[in-house]
Every structure is written in structure tokens, then in C-alpha cells.
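Have a look at this one before I ask anything.
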Amino acid sequence: MNSSLKPWRRRALLWTAVAVAAWILLRMFEPVLGYSFGWQTWPAQAEPAVRWADPAWQDPAAAADAALLKSRRQLDAPALSAAVMVNGQRVWAGAVGMADLEAQTPVDLETRFRLGSTSKAVNGFALGLLMEHGRIDIDQPLRTYLPELPAAYEAVTTRQAISHRAGVPDYGFCLCFPIWEHRNQRHFTGVREALAVFTQRPLLFTPGEDFRYSSYGANLAGAAIEVAAHQPYTEFVTRSVFGPLAMSHSGFDIKAAVDPHRAAFYEVAEGRYKPADPVDNSIRYPSGGMLSTPSDMLLLGRAWFEGELLSPASRAQLLTVQPLKNGKPNPQGYALGMRVAEGRELLDGQVKTRMLSHHGTAVGSTSYFAIFPEYGMVVAVMMNKGQEDLKALAPEAHRLAEIFLAARLSRKP
């Protein structure tokens, strides 16, 4: 009797093993295997829009309204939101489309989007606050603040980490569900805990010798900020950046939080949409895990070129493009949390001016943020649509900037 059961048992064990392996593979590769499913036809709907405009800027505001509506259609975005500051004051903000397609919730000016890598501009500013008061030395080895880092990090400094010159690897694969780290679903209780994801991997080059963009490098800087501030990273940024700058609709993308102002996030292709895959952004709070609105980002933008939180000397240090070993600027013009471009052309070359910027992509969301200090101008654009093109919103932002810059230049001094 026992011998007759053995084949059955072997078959049962085999099918059990196959089922377990199939389940594991499904979970690990779920974003790819499930990509073809869940797509819905774009709903027939009106394009609800909301705007605010300074009475003194009504004509360019009307042009911005039309540009925003056109851009939303061209981008095929569920919702598109933008805001513009001139001479240090908000002059226009607009939003068009749906914050939530399933619930038919229109976007408004308080709808919060995932910033993605534009979070690095907040991270850099937070670092500047500690530098301002001598609470962190960015040229000391990171292990001064994070002794748990492996010996390979002995020569890595906070300056190198936040400027992508430390050789830190970027998102990779993991033995987790799903296998792609940028689609993380694990929860980390703090930024230091999340460092363990990558710190055992070898550095890509000798620190300081080259440039390689890495969100994990910004996470290292965020962890150093946490240690130097003597409080959790999220609390320090909330109290020291968002609070003083009155960025009341900015915060962190906490997966379990009930947030009626957070947009729903989507993937869009060929006139169809589907909800973006769930993610837990606790893996990247300093580098890509924040939420904000375009109007809030104007306030951060202004603080990058004026205000009392940072002295001119601190701002200048933050905005110095970090050189390669040969002394030449790095290929992205990256400073300490912001890209810097000298002689950016606007209005078909009529204007050449300095531009500070950062773009961000996240699962189901895209953002872009640019500052033109000479004109006290800031522009921010966001949408609840994932986008592989890292500079997808830059043309829309620059177009809005040119509308208001042309109006500014046409007026008497």
C-alpha cells in the first residue's frame, strides 16, 4: 500500500513545488506580467478646470489657461497642474482634469502629486539649513554620521553622495516582491533602515572620480541629515522646511495614510489608462518620496534665491556645480540637490538667464520645477501620469515661463 502511494505523493509534491514557484515568479514579476491587464477606455468627460490669477496678470493668465488645457490633451494626462511666480510673488495657478478617474474627482489647486526626484531639491535645501548653522560638515566621511556603513564608504562624503559623485549604485533588483526596487512594496521605519537595501553592494567607482546619478546617494545624504538634526528625517523636513516656508500641502507619500488631497496615480497608453501599481515610498523619502503641489513648490523655489532661512553664502555653496576629478563640471550641471544651467535661452534666444531645475518621475506621477533667479520667477508643473521621459514636463514649464516673462518684459520698469 505504501509503495502505491509514493507516486501520488511525488506528483503532489511536484505540483505543490510548481505552484509555489509560479506564485513566487508571479509576485516577483507582477508589474510586467500584469501590465496587459486592467486597462480601461478613457472616459468621456468634460475637462474641469480651476485657476487663480493675480488681477494684474490677467492677460498672461488667460494664455496660461489655454496652454495648460492644450498640454493636458497632448500629454494624455488624467490631471495637469501648474503654478508660476514672478518677482517673488505667485501670479497664476491652474489645474485641469481629474485627480481620480474612478471616483470622478476633479483636480484642484490643493491636489498633491508625487514629486519623484524633485524631492531632491527639498533634500538639498534641508541639508543647507544644517550647513547654515554649522550642524553638519559635508566634507567629512559619511561614516562620521553613519558608522553602520561598510568600510567601502570610508572615503564617501555627504557632498559626494548628494551630488552623485560617490559611485553609489542606483535602483536595482532584490529578492523581494516585486523584484524591481523602484517599485518597492516593503515598508521601512526610517531612512537609515532603508540604506541596508544597497550599502552592501560595491561602489561603481572611486568616490569623487566620476559622476553617476543615484537616488540612493540622496538617501545617504538624507540619513546624514537625520543624524545631524537629532530627529527623524521626516520630522526635520516638516518642521524646518515645509513649516517655515508655509508649504502647507507638502509632505511624505506614506502609503497607509488617509489623504483626501492626494491624487490617484495612473499609467496611460494609447488612449487607455490603468491605476498605477501600488508602491511604498519609504524606501526613498529623501530622494523621491515626497508629495506637493505646484503652488507649494513656488515657495521652495523662492527660498532657493532669497529669504531668511539661508544666507546668500549658503545658497551660493548649494548652487555651485560640483566638478569632476579633472576639474570640469559634471555632465548634468548638478550642484547639491539642484541642476544649474547658465545662459538658458528663452523667447527664441531673446533672453539668456540662469536656470535652476529638477525633474522627477514616480510610479504614476511626473513633476518638473524650474527657477529663474534673475526674474524672481519659479514655475512648477505636475501630472498624475507615469512617464519614462525624465524631461516630459520641461517644455510645458518653459512655455508657461515664457508667457509670463514676455508680459514682464513688456511692462515699464
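Coordinate-derived values only; no laboratory data. Keep in mind the model is a prediction, meaning the values are calculated, not measured. Please note: Cβ atoms are built from the backbone with ideal geometry, for glycine as well, and neighbour counts cover all protein chains shown.
To the nearest 20 debye, what is the magnitude of the charge dipole of the chain about its Cα centre, counting +1 on the Cβ of each Lys and Arg and -1 on the Cβ of each Asp and Glu? Working shown, then result.
On the way: 42 positive and 39 negative charges, 178 e Å.
Dipole size: approximately 860 debye.
Under the definition of Cα pairs under 8 Å and six or more residues apart, what whole-number percent is the relative contact order of the chain? Please list the in-between numbers first.
On the way: 840 pairs, mean separation 89.8, N = 413.
Relative contact order for the chain comes out at 22 percent.
May I ask you to list the GluC sites (Glu not before Pro) in the stretch 343-394 that are in a DSSP loop and have at most 14 other Cβ atoms within 10 Å of their Cβ?
On the way: sites: Glu345, Glu374, Glu388; in loops: Glu388.
For GluC sites (Glu not before Pro) across the stretch 343-394 that sit outside H, G, I, E and B with at most 14 neighbouring Cβ atoms in 10 Å, the list reads Glu388.
What is the helix-to-structure angle for 58-75, meaning the angle in degrees between its Cα long axis and the longest Cα principal axis of the chain, kept from 0 to 90 and rounded to the nearest 10?
20 degrees
Additional query: What three numbers, in Å, describe the spread of the alpha carbons of the stretch 229-375 along their principal axes, ordered from the longest?
In descending order, the Cα extents are 46, 43, 33 Å.
Next question. As a test of the formula, what do you get for the chain when each DSSP H run with n ≥ 4 contributes -39,500 (n - 2.57) and the sum is divided by the residue count, at 222 nm and rounded to the nearest 500 deg cm²/dmol? The partial results should precede the final answer.
Values: 12 runs with 130 residues, N = 413.
So the helix-based figure for the chain works out to -9500 deg cm²/dmol.
Now for a separate question. Quick one: helix 394-410 against the long Cα principal axis of the chain, what's the angle to the nearest 10°, folded into 0 to 90?
So the helix axis and the longest Cα principal axis differ by about 10 degrees.
If I take the Cα coordinates of the stretch 49-410 and project them onto the principal axes, what are the three extents in Å, biggest first?
Here the Cα extents, ordered largest to smallest, are 59, 44, 34 Å.
Can I ask one more? Helix 294-303 against the longest principal axis of the chain: what's the angle in degrees, Cα atoms only, rounded to the nearest 10?
Long axis of 294-303 versus the principal axis of the chain: about 60 degrees.
Using the 10 angstrom Cβ neighbour count as an exposure proxy, how do Asp348, Asp59, Asp253 rank, fewest first? Could you put the intermediate results ahead of the total?
Working: Asp348 7, Asp59 12, Asp253 28.
If I rank by nearby Cβ atoms, fewest first, I get Asp348, Asp59, Asp253.
How long are the semi-axes of the equivalent ellipsoid of the stretch 225-284, taking √(5λ) for every eigenvalue λ of the Cα gyration tensor, in whole Å from largest down?
Working: eigenvalues 180, 40, 19 Å².
Ellipsoid half-lengths, sorted descending, are 30, 14, 10 Å.
Over the Cα atoms of the stretch 35-177, what Rg and Dmax result, in angstrom?
22.0, 60
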